[in-house]
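What follows is a set of notes on a single structure, which appears directly below.
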Amino acid sequence: MSNIVHVVGTGTIGEPLIGLLADHAADFGIDEVSFHKRTPMIEERAKVKDLVGRGATLAVDDDRRASFEEIGHAPKLGTMEAIERAAVVIDCTPAGNANKLEYYQKARGPRGFLAQGSEFGFGKMYARGINDEALDHETDRYVQVVSCNTHNIAVLIRTLAMGSDGTSHLESGRFLCMRRANDISQDGSFIPSPSVGRHDDPRFGTHHARDAHHLFETLGYDLPIFSSAVKLNTQYMHALHFSLQLDRAVTVKEAIDLLAANPRVALTHKRSANQIFSFGRDHGYYGRILSQTVVPIDTLAVRNGNELVGFCFTPQDGNALLSSIAATLWYLHGEVGDRLEVLRRFLFQEV
């Protein structure tokens, strides 16, 4: 069976993911990359042409093929045809659950389907380096890659609140997600002032802690965590304030040493989002830092001997991109192996 990967959507996650897969297809053991675009847009013609020029194959809905051709595209595949011929389908739209009902459950060809963080209930939750051992080829045809902020929460818990033997030392975890208003590529949804979020979940607050809880639940944990969210009038990066109350004493030096030992964590002496964002723009892939979190060292502190507090930044959607590729390789080859080494230069340990 051919190792074809099909990406649905060309937005803030879909576009860089298509590029990553196409640019490194040989390293990843991928035979072909295809992608689906729903709406023909003259202002996005250059983007689509660039992705096709890098080796990706365009798929469109049959009833929109003529409209794509009118603006200069040459689609090669229809919607269901592209899905059926793929080994892995990665849905990067906010309609993953709807597409699962309409298309994916009917498809017999693909070995696995991935959706992104907004699509709660799509399948088993996954984050690279957090619960890889929980994935099961026999049962996990559908996997949900958790959101970028959930990645951030999860790597903090795994690194700072769990022992090397997997023992959880977390007595209480509180997280304040300070979210950017929109991506720099987006014109809509920007806000003029900070806007606070509701605590819709009586146990977890917002979906960020809920999703992190379900992520660790795949490993048998029942974590006492709670999150809040506020949207800020910035386009740069999400920021996170965390408080981890442990059942043991901890020092700032110990925390720094633990973070420095994790290859998916970046430490920094910068404390502003614009400086960290610009580093990603200049040194990342598609402007993305693929590390799971960026922690300013000077913000770390210990309260009452066992409560570790600090700030960190969420590297756009870079952590979700890396997990999406890791899950794809797991579907294709049975294991990830060393195929991600080609991307290691974008997993910074210092920013």
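The values are calculated or read from the model by the stated rules, or taken from the named source; none is laboratory data. Nothing here was measured: the structure is a model prediction, and the numbers come from that model. Ideal geometry is used to build each Cβ from the backbone, glycine not excepted, and the neighbour counts take in all protein chains shown.
Condition check ((1) at pLDDT below 95; (2) within 22 Å of the chain's Cα centre (by Cα)) across all residues:
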| residue | (1), (2) |
| --- | --- |
| ASN131 | no, yes |
| ASP140 | no, yes |
| VAL145 | no, yes |
| CYS148 | yes, yes |
| HIS151 | no, yes |
| ALA154 | no, yes |
| THR159 | no, yes |
| PRO192 | yes, no |
Study note, to complete from the structure: The residue that is nearest to the chain's Cα centre (by Cα), considering only those in the stretch 90-114 that are among the hydroxyl-bearing types (Ser, Thr, Tyr) and outside any helix (DSSP H, G or I), is THR93
Practice item. Might you check whether a residue that is at pLDDT below 95, farther than 18 Å from ALA127 by Cβ, not in a loop (DSSP other than H, G, I, E, B) and not hydrophobic (A, V, I, L, M, F, W, C) occurs anywhere in the stretch 234-252? Key: no
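So for the stretch 78-89 (the condition being closer than 29 Å to ASP338 by Cα, in a helix (DSSP H, G or I) and charged (D, E, K, R)), does at least one residue qualify?
In the first step, residues of the stretch 78-89 are kept if they are closer than 29 Å to ASP338 by Cα; the result is 82-89.
Restricting the remaining residues to those that are in a helix (DSSP H, G or I) gives 82-85.
Going one step further and asking which of them are charged (D, E, K, R), we end up with 84-85.
Yes, the stretch 78-89 has at least one match.
Please go through the stretch 1-33 and give me each residue that is in a helix (DSSP H, G or I) and within 19 Å of SER147 (Cβ to Cβ), ordered by number.
Result: GLY14, GLU15, PRO16, LEU17, LEU20.
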Study note, to complete from the structure: Note: among ALA266, ALA327, ALA320, ALA261, just one is surrounded by fewer than 23 Cβ atoms within 10 Å (Cβ to Cβ) and small (Gly, Ala, Ser), namely ALA261
Check your understanding: Somewhere in the stretch 124-136, is a residue of a type outside the set (Gly, Ala, Ser), free of Cβ contacts under 8 Å to residues at least 60 places away in the same chain and either under 25 Å from ALA25 (Cβ atoms) or in a helix (DSSP H, G or I) (or both)?
Key -> no
Check your understanding: Which one of these does PHE35 not meet: (1) of a type in the set (A, V, I, L, M, F, W, C); (2) touching a residue at least 24 places away in the same chain (Cβ under 8 Å); (3) over 19 Å from LEU21 (Cβ atoms)?
Key -> (3)
Check your understanding: If you go through the stretch 236-245 one residue at a time, do you hit one that is out of contact with any Ser or Thr (no Cβ under 7 Å at 6 or more places or on another chain), assigned by TED's automatic domain parsing to the domain that holds ALA154 and closer than 24 Å to LEU340 by Cβ?
Key -> no
Check your understanding: All but one of (1) farther than 14 Å from ASN149 by Cα; (2) over 18 Å from the mean Cα position of the chain (by Cα) hold for PHE216; which doesn't?
Key -> (2)
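Considering only residues that are hydroxyl-bearing (Ser, Thr, Tyr) and at pLDDT 95 or above, look in the stretch 161-182 and name the one that is farthest from PHE204 (Cα to Cα). Walk me through how you get there before you give the answer.
Initially, the stretch 161-182 is screened for residues hydroxyl-bearing (Ser, Thr, Tyr), giving 164, 167-168, 172.
Pick out the ones that are also at pLDDT 95 or above and you get 167-168, 172.
Working: THR167: 22, SER168: 18, SER172: 12 Å.
Filtering the stretch 161-182 for residues that are hydroxyl-bearing (Ser, Thr, Tyr) and at pLDDT 95 or above, the one farthest from PHE204 (Cα to Cα) comes out as THR167.
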**Study point:** Answer from ILE225, ILE184, ILE256, ILE191 - the residue that is crowded, with 21+ Cβ neighbours inside 10 Å and of a type in the set (Val, Ile, Thr)
**Key:** ILE225
**Study point:** Within the stretch 295-320, tally of residues that are among the acidic types (Asp, Glu) and part of a loop (DSSP other than H, G, I, E, B)
**Key:** 1
Practice item. Would you tally the residues in the stretch 92-112 being out of contact with any His (no Cβ under 9 Å at 6 or more places or on another chain) and closer than 15 Å to ILE325 by Cβ? Key: 1
Check your understanding: Going by the structure shown, is ASP222 assigned to a loop (DSSP other than H, G, I, E, B) and free of Cβ contacts under 8 Å to residues at least 12 places away in the same chain?
Key -> yes
Exercise for review: Might you let me know whether the stretch 331-348 holds any residue that is charged (D, E, K, R) and assigned by TED's automatic domain parsing to the domain that holds TYR236?
Suggested key: no
Check your understanding: THR39 passes all but one of (1) of a type in the set (Val, Ile, Thr); (2) farther than 27 Å from HIS333 by Cβ; (3) in contact with a strand residue (DSSP E or B) (Cβ under 6 Å, 6 or more places away or on another chain); which number fails?
Key -> (3)
